[in-house]
Amino acid sequence: MTVWDDLVGQDRVQEQLAAAARDADTLVTAHSSGGSVPPGSKMTHAWLFTGPPGSGRSTAARAFAAALQCTSPDRALGGSPGCGFCDGCHTALIGTHADVEVIRTDLLSIGVKETRELVRRAQLSPAVGRWQVIVMEDADRLTEGAGNVLLKAVEEPAPRTVWLLCAPSLEDVLPTIRSRCRHLTLRTPSVEAVADVLIRRDGIEPERAASAARATQGHIGRARRLATDERARARRAAVLKLPLRVHDVGGCLKAAQELIDTATDDARQIAEEVDVKETEDMKAALGGVAGGRMPRGTAGAMKELEDRQKRRKTRTQRDSLDLALTELIGFYRDVLALQLGSQLALANTDVRDAVDRIAESSTPERTLRRIEAVIACRTALDRNVAPLLAVEAMTMALRAG
C-alpha cells in the first residue's frame, strides 16, 4: 500500500506528484549533504489542486504531503517516496504529523485572523519532518483580505515550506495566488473506479458499492456515505420524489418546506453531535464548573464560540440543500437522456419508474428549463437569498417546466 492508493482514477496527476516528490527528496538530501540540486526540478513551493467535487482534490494533496515526509530506507536504493508504511507517511496520512497542517473549515469562509496564523507557522523550519507542509482544503473560501495575506507568503516562501491549495476551479482563487502556483487538474473518476475502491478499502458489498457509485456519478465521498449511511439513503429517496409532487401550487410549497426542514434537521443533528462537547470543552478550559457560573472575563470567548457554531450550522444547512439540488439535477439529466434516446448510463436506476413517468409526460425543452431552474436556485443560495424563497421559486419553476 502506497500513499497514492486512495487517489482514484487520477493516473496522470499521480505521476506528476510522484515525480515532484522524488525531486523534493533529492533536493533535501542535496542540501543536507552539501551537494547541488539537479536542474529541471519538478518540485515547487506552491501547488493548486482543482477539480469537480468528489474528484479527490484533498486526497491528492494529503497523499503528496505524505510523500514529501517519507523516510523509507528504500529511497536510498532507488525507491520512490510515498511508501505508505514509514512513520512520516503514516502520521501525515492520519493527520498527526508535526509538520503537516491540514486546514478545512466548517464555516462559510476563512478569515484574515486564521490566515495570518497559518502564514506565521509557514515561516518556521520543519520540526521533525523534511518539509513544512500546509494543506488548505477550502482555498476557495478565503475572503479577499485573507487571500491578500496568503499572497505574501506564497510570493516569499520559506525554503522548506510547501503550500498545497485545493479549490473547485481556477476562478475560485485570486489570480495573483494561482499565478504563483503549479496547477494540477483532477477529473471525476469513473463509476467503476469508485465502486472498486469502496469494495477494496471500505469492505462494502459489490452491489451496494456499484449502486452508490452510479447514483453519485463518481463522487467518492458521497458514494461512501450513501453506501454506509441509511439516513443518507432515506434523505436521497425523499429528494427524488420531489419531481412527482409539484403538480399544483400547494404541492410546490409543501415540497419546498420539506426540503428546507430536512436540511435544517441535518444541521441540527450535526450541531447536537458537535456543539455540546465543544461547549463543555471550552467551559472546562476556561475554568468553569459543571452546573455553575463561568469565571469573570470568559463571556467574550463563549460568545465567539456560539457565533462560530451558528455559522457552522448555516454552512451545514446550505451544504445539505446543495446536495439535494445536485441530486435533482442528476434526476433531470436522466430524464433528458431518455427523452433524447441517449445511450448514456442512467444514474438513478433505483427510481427508474419516476424517471420514466417524467420523461413521458414532458419534453426535452421543458426538462432543460427545469435543470436551469435548479441551477438558478443554487446560484440564489450562493448569493444569500433566503433559502425558503429560493427553493419555493425553484419548485414553482419545476411545475411550470
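The values are calculated or read from the model by the stated rules, or taken from the named source; none is laboratory data. Owing to the predicted nature of the structure, the values given are computational and were not obtained by experimental measurement. Cβ placement follows ideal geometry from the backbone for every residue including glycine, while neighbour counts extend to all protein chains displayed. Ligands, DNA and RNA are stripped out before the accessible areas are found, and what is left, the full protein with its side chains, is counted by its heavy atoms. Shrake-Rupley method; radii C 1.70, N 1.55, O 1.52, S 1.80 Å.
May I ask you to give the average projected area over all directions of the convex hull of the Cα atoms of the range 66-189, in nm² rounded to one decimal?
Over every viewing direction, the Cα hull of the range 66-189 projects on average to 8.7 nm².
For the chain, what does the accessible surface come to per residue with a 1.4 Å probe? Please give it in Å².
That works out to 50 Å² per residue.
Given a 10 angstrom Cα cut-off, can you work out which residue in VAL112, VAL194, VAL162 is the most mobile in a GNM of the chain?
Of VAL112, VAL194, VAL162, the Gaussian network model singles out VAL112 as fluctuating most.
In terms of modelled amide H atoms, which long-range or inter-chain residues lie less than 5 Å from the amide H of LEU142?
ILE110
Pick from ARG296, ARG268, ARG160: which is most flexible by mean-square fluctuation in a GNM of the chain where alpha carbon atoms under 10 Å apart are linked?
Among ARG296, ARG268, ARG160, the largest GNM mean-square fluctuation belongs to ARG296.
Note down the magnitude of the dipole of the range 163-301 about its Cα centre, charges +1 on Lys and Arg C-beta and -1 on Asp and Glu C-beta and zero elsewhere, to the nearest 20 debye. Each step should come with its number before you reach the end.
Details: 23 positive and 20 negative charges, 72 e Å.
Dipole about the Cα centre, nearest 20: 340 debye.
If you take every residue apart from ASP322 with its C-beta less than 11 Å away from the C-beta of ASP322, what net charge results, scoring Lys and Arg +1 and Asp and Glu -1?
0
Give me the percent of accessible area attributable to carbon and sulfur for the chain, probe 1.4 angstrom.
So the carbon and sulfur contribution to the accessible surface is 52 percent.
Mind checking Rg over Rh on the range 278-401, alpha carbons, Kirkwood formula for Rh?
1.28
Give, in nm to one decimal, the length gained when the segment between ASP248 and ASN384 is fully stretched (0.36 nm per residue of separation minus the Cα-Cα distance).
Using 0.36 nm per residue and subtracting the Cα-Cα distance, I get 46.3 nm.
I need the phi-derived Karplus couplings for the range 65-70: 6.51 cos²θ - 1.76 cosθ + 1.60, θ = phi - 60°, integer Hz, Gly and Pro marked x.
4, 5, 5, 5, 9, 4
As an exercise, use a Förster radius of 30 Å and the Cβ-Cβ distance of LYS277 and GLU207 to find the FRET efficiency, rounded to the nearest 0.05.
The pair LYS277/GLU207 has a calculated efficiency of 0.25.
Select from ALA237, ALA215, ALA299 the residue whose mean-square fluctuation is largest in a Gaussian network model of the chain (Cα-Cα springs shorter than 10 Å).
ALA299
What per residue convex hull volume, in Å³, do the alpha-carbon atoms of the range 97-143 yield?
71
Could I have the simple spin-label model distance between GLU360 and ALA30, label points 7 Å from Cα toward Cβ, reported in nm to one decimal?
The modelled label-to-label distance comes out at 6.9 nm.
So how far, in whole Å, is the C-alpha centre of the range 156-215 from the one of the range 59-75?
The two parts, judged by their Cα centres, are 17 Å apart.
Within the set LYS241/LYS310; LYS113/LYS310; LYS113/LYS283; LYS152/LYS303, which residue pairs have Cα atoms separated by over 21 Å?
Pairs exceeding the cut-off: LYS241/LYS310; LYS113/LYS283; LYS152/LYS303.
Counting helices only, and only those DSSP H runs with n ≥ 4, report the 222 nm mean residue ellipticity of the chain as the sum of -39,500 (n - 2.57) divided by its residues, in deg cm²/dmol to the nearest 500. Before the final figure, lay out the partial values.
On the way: 15 runs with 232 residues, N = 401.
Mean residue ellipticity, 222 nm, calculated: -19000 deg cm²/dmol.
Along each principal axis of its Cα atoms, how long is the range 1-127 end to end? Whole angstroms, biggest number first, please.
Here the spans come out as 46, 35, 29 Å, largest first.
Find the percent of Cα-Cα distances in the chain that exceed 34 Å, and round it to a whole number.
40
How high is the FRET efficiency from GLU230 to GLU155, r the C-beta distance, R0 56 Å, rounded to 0.05? List each step's numbers first, then the result.
Numbers: r = 49 Å, r/R0 = 0.87.
E between GLU230 and GLU155, to the nearest 0.05, is 0.70.
Fully extended, how many nm does the chain gain between ARG268 and ARG308 (0.36 nm per residue separation, minus their Cα-Cα distance)?
Net length gain for the segment: 13.0 nm.
Which far-off residues, 5 or more places away or on another chain, put their amide H under 5 Å from the one on MET136, with H placed in the peptide plane?
ILE103, LEU164, LEU165, CYS166
Using the basic label-point model (7 angstrom from Cα toward the beta carbon), what is the ALA98 to MET294 distance in nanometres?
According to this spin-label approximation, the distance is 3.3 nm.
From the residues SER80, THR262, GLY330, which one has its Cα farthest along the dipole of the chain in the positive direction, the dipole being from +1 and -1 charges on Cβ of Lys/Arg and Asp/Glu about the Cα centre?
Of SER80, THR262, GLY330, it is THR262.
If each residue of separation counts as 0.36 nm, what is the full-extension length gain between HIS183 and ASN148 once their alpha-carbon separation is subtracted?
This chain segment gains 10.7 nm when fully extended.
Excluding LEU186 itself, calculate the net charge of residues whose Cβ lies under 12 Å from the Cβ of LEU186, where each Lys or Arg counts +1 and each Asp or Glu counts -1.
+2
Which whole-Hz ³J(HN,Hα) couplings does the range 17-24 yield from phi under the Karplus relation 6.51 cos²θ - 1.76 cosθ + 1.60, θ = phi - 60°, glycine and proline marked x?
Once θ is set to phi - 60°, the couplings for the range 17-24 become 5, 5, 5, 5, 5, 5, 5, 5 Hz.
For the range 238-377, give the magnitude of the charge dipole about the Cα centre (Cβ charges: +1 Lys/Arg, -1 Asp/Glu; no others), in debye to the nearest 20.
Once rounded to the nearest 20, the dipole reads 500 debye.
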